[in-house]
Each structure stands twice: as C-alpha cells, then as structure tokens.
Amino acid sequence: MKSTSRRTQRAARAVLLPALFPMLWLGSACGEPSLEDTREEPMVTQAQGASDANLYDSFTRANHDSRLYSLEQGVHAWTPNPYWGSAWGIMSGRAYLSKDDGTWMDHYATVPGSANVRVMVTLAALGEFSGLTFRHVDRGNCWKLATDLGAGKYFLTKYEGYTQYFPLQIEQAPVAGDVLEVRASGTRIDVYINGVHKGGVNDASHQYATRVGLLASQDNLARFDEFKVYTQGTRDATLQPFTSNSVWNLPIGQESVYASTTDPATRDFLATWFDNRTINAWANWNEYSHPISFASNTDPWATVSDVNDSSRNGTYNVPATATIANGSDKHMHVVNPSRTYIDEAWATTRQSTTAYTVGRHHKIDLYGSGLGPQNGVRAYGGAAVGGLIRAWETTPTHPKYTGKIQHAIALAVDRAQLYYSGGSSGYDSKGYGTAKGYVWPATEQDWNSELNYKGNVPMGAYFAIPPSVDINAQGLTADGKMVAQALQDHGAYVTDATVGAVTFYVEPTAPSTFAANLRKDAAKLRSLLRRVTNNSAATPNGPGARRVPMLPDLATPQP
C-alpha cells in the first residue's frame, strides 16, 4: 500500500497479482454485518413505494358519519352530490354511490387535481363499470378505468365529444380487493393493477383536464377503500436521484438519538490524530471525486470490462470525452440516454472510445434506492453518486439552484478509523460482504479491511449535527452553512475509506469557490457531527416525524 497525501484522500487499493491472488483487487469493499449487528434487508416498501410527499388528497375507512367527506384525509373538498341527480354516501365505512341517475357515465366525486397525477383506489366490493375517472373535463370528455364484470376484464376508455373509445383492454378478471392505479404525465397514461403494469397509451386531447374521482356502476354495489391522489413527481433523477424515501433523500427523524463525544465511533470519527498520523478534514473536488457524464444515442457503443469480475461487465453508450476523475481512483460515471440509469466505474482506463477496462462496474437505477448489495462502486456497496454534493446545487446561476443541499452527504474516513469485527474479504450468496463490521445501509466494506481497519467507525455509520447546534453561530462561510444545514436536516453516511482525512465529495464541475469554502470549513463541520445511534432499516435516518418536508417524487421518465 502506498501512503497518500492530504490531497489524495482515498485509500489506495491493493495491486492486482493475478498469479497469486486473482481476486485481491476488488475495488470497493467486501463484507457482511458484524456479529453485533443484525442484518437488515433493504427497505423494499420504502424504496419502491410512492412517497407521501406528493399526496394531494385521500380518504380512508376511518369515518365518523355517513357523509363522503367524513372519510377525507386531505383538505380538498369532495363533491358528495355531483350533477345529474347522483349522490355519494358511506356504508360499512366505505364510499359507495347512494343515488343513481340511471347511467354509468357521471357517477364520481371529484377533487381538484392536475394533468399529471397518480390516482389509486381499492375496489373493496365490485360493481359493473366501477373504478376511477381521471383527466375529466366534463360528462362527454374524460378518461376512465373500469371493470367489465360481464366480459371478465378491465378496460381503459376515453370519451371525446360523447363518443366512447377503448384504447386498452386488460384481460384480467376483476376481483374484490384489486388496486386500480393510473399514472398520467404529459401525454402518457399508464395503467397498473395490483402494482403490475398493464400497458399504456399516449393522448394529448385531455392533457390539461383537472379532475379525478371515483366511478361507480348503476347497481350501487361497488364499495371503495383507500382512494389516493398524488401529484406526479417533479424531481429530475439526473440532478437528484433515488426515491424520496431513500436514505440519501429522507430527512432525519426528530426522535433521532445523538451519541456523546465519548461514544467510541464518534470519538474515533472526531479524532485529529489516529494510528500515528494526523487526520485532517477535506473536500475532494478536482481530484479523487466523482465526475458525471451524460450519454446520447449517438455516442460510441462501448464495452466496459471489469478486470476483477466479468459478470459486472457492461456495454453502453459512453461519450468519447467522458470524464475520468483525476487521481488513482479514476471514477467514470455515465448517465444513459433515457436518463434512467447511471453506469458507475472505478479504476477506469480508456483503451479506445469503444473499449474500457475498470476495477469495478455497476449499473445503478436512478429511480431506485441507491443501496446495495453490489449496487455501486463505493466501499459501502451502494451508489457513488449517493451523497455527492452536485454542481447544480452549488451554482447560483443554475436554473434549479435553491441555495440548499436537500440530501444526506457522503463521507469517507481514514481506513484506520473504520471498524472490523471478523471474517475474511469476500461475498456471500446474496452479494453481502463477508468481512464484518459494517452496519446498515452498507452491505460490504473495503477489501482487506481485516488488515487495515483498526478503529470503531463502522462502514455505513450515520452522523448528523444535533438540532441543538446553532449553525449561524459557528463562523462558517455561506457555502459552509449550506453544507451544515444539510448535515443537520439530512445527516451524513460513511461510505468509503481514505488515508489521512475525513473527506466530503464535491462534483468536479462545481464552482472552485464552493470547494475552497468547504475545505476551509470542513474541520469545523466535522467537529459538530455526532453518530445517530438509532438509525436502522426499521427507522431509516432515525425515527419520528421528519425534521424538514420530504422531497417531491421523481418525475416519470418519458417513453
């Protein structure tokens, strides 16, 4: 191993010796939870479910009387008595059509919505032509998703000028308890039954309709549970990826418990002298950081060969001028043309514009959680872009600039500060590292951690600035205050190892003034951080109500 200067900030990896140790150089990490930690699977429901940050209105069965609006959870009034003589009521805690005018075209209670919505309803009891209506203009101009009990299927229907069209027939027999869902964004309409995509259509004729609601049949038998309306997400996955519930975007919980400075992990994290060397605070920016390039369909189709594991090879569009980071880590991250995935690579060498060799490669879903196992090239096993301070959020002239960093921050610490508890470097059958010591949400740790880790900071440890700290009283630059606010509102995760520093990561295209100010304030920021001791998969980023509002959901990628 070579020693690394303060500017390097990332632990050098072992030299590849294929004759003796064919798997010695595995790039970023190996391991599984320590004996003291319980392995917790990733938050499937939190990572994949809809974020209530975009909940516009809803009702549930927790009603108190027979009126439809007694079910409401939101603030937008329903219409319990629509036009043409129909009316809605409550029976057995469920909404139903209590008065019918003899047709199935107009029995809905509407809420103000928008053209871009996600609307869901559970059919507790079926009725002929029962479901939901959306993109509704008037009685003769609207879209509906409904049951056809006689034919044993669902259908998507469009009314235009009182003429009915059936652009999508779904050959699935309706069953009580089915969850109907429509996601409408721009001209696109997609249908899901019980969370399974059943198809979609494009239509601009009702793109700016503004109402959604329930649809009931004239036999008054249908009952509805759990009607929810979400505004469609607006967040750009290329600027701030991953679900709103991902640990990278979830604000810290107000019931988080902060360790004292005598806590072993916090003590070692704050140490300025450890393992016989000075531990500085730093921010990687122009070297040893994570540049992001954007591919188009016209860019070269390249083969990316992982020299340590051929199963991680990839082929994808890579711009001929895609940036490879300065420094020996040589990260290269490329967003695909459809802007849904990012291919991350570590230890990259460009052989030609169509051929690259790398020490590790992973394809990351920008609409996923950003967590592992084996879902990124950083030592913790997750995405390298998770927690990266991006150029757009530090550049005041950028059109999306808010003056805030609204996500958790990625940190690296000196490898000697990290915690090892047992096991040898490798992977189990699920992709978790078998060298132990890391904690959720990490799923592995550095290769050869059994030789290099000597401290008490687990890979994946969660730190934050306690709410009692007055950020304005710390003498920070404006840029430092921005980072401090993120550390107080969202926290920071230990994701990697360095030599000689606790390190932040800033996208190389960020302003040099921001990087300089963060480097100036880095030591102070580190001194304010404390480990959050009740962070887990069951209580991600700490329990309790969120300290600040959640982010909007991600905008739906366009086909």
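Summary table below
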item	result
Between the range 422-440 and the range 333-399, the alpha-carbon center distance in angstrom	23
Only Lys, Arg (+1) and Asp, Glu (-1) charged, at Cβ; the range 322-466 dipole about Cα centre in debye	260
Kirkwood hydrodynamic radius of the range 457-531, Cα pairs, Å	12.9
Spatial extent of the range 192-256: Rg and Dmax, with the Cα atoms as the point set, Å	18.0, 52
Paired Rg and Dmax values of the range 234-303, which use every Cα atom, in angstrom	19.6, 56
Given charges at Cβ of Lys, Arg, Asp, Glu: the range 427-559 dipole, positive-most of Val469, Val502, Leu529	Val469
Qualifying lysines (Cα of each under 16 Å from Cα of Lys524; at least 8 residues distant if same chain)	Lys481
Leading residue at positive end of dipole, the range 361-450 (Cβ point charges), from Thr395, Ile405, Ser424	Thr395
Nitroxide proxy distance, nm - points 7 Å out along Cα→Cβ at Thr513 and Leu451	4.6
Dipole magnitude of the range 421-559, debye to nearest 20 (Cβ charges: Lys/Arg +1, Asp/Glu -1, about Cα centre)	400
Separation in nanometres of the label points that stand 7 Å from Cα toward Cβ, at Ser468 and Trp273	2.8
The range 293-393: C-alpha gyration tensor shape, a/c 1.5 cut-off, then a/b vs b/c	rounded
Surface share of carbon and sulfur [accessible, 1.4 angstrom probe, percent] for the range 348-427	50
Proximal lysines relative to Lys153, as straight alpha-carbon distance under 21 Å, when same-chain residues fewer than 8 apart are discounted	Lys144, Lys198
Length-normalised contact order of the range 426-484 in % [C-alpha pairs under 8 Å, at least 6 apart]	24
Charged-residue dipole, Cβ positions (Lys, Arg, Asp, Glu), the range 416-489 about Cα centre, Debye nearest 20	140
Rh (Kirkwood; distinct C-alpha pairs) - the range 349-460, Å	15.8
Spherically averaged projected area in nm², based on the convex hull that wraps the Cα atoms of the range 420-559	12.0
Cα-based convex hull, the range 166-289, per residue volume (Å³, whole number)	261
Placed amide H near Ala501: partners under 5 Å, 5+ positions off or other chain	Asn280, Asp414
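The values are calculated or read from the model by the stated rules, or taken from the named source; none is laboratory data. Owing to the predicted nature of the structure, the values given are computational and were not obtained by experimental measurement. Glycine also receives a Cβ, built like all others from the backbone with ideal geometry; neighbour counts cover every protein chain displayed. SASA here: full protein model, heavy atoms, side chains in, ligands and nucleic acids out. Shrake-Rupley method; radii C 1.70, N 1.55, O 1.52, S 1.80 Å.
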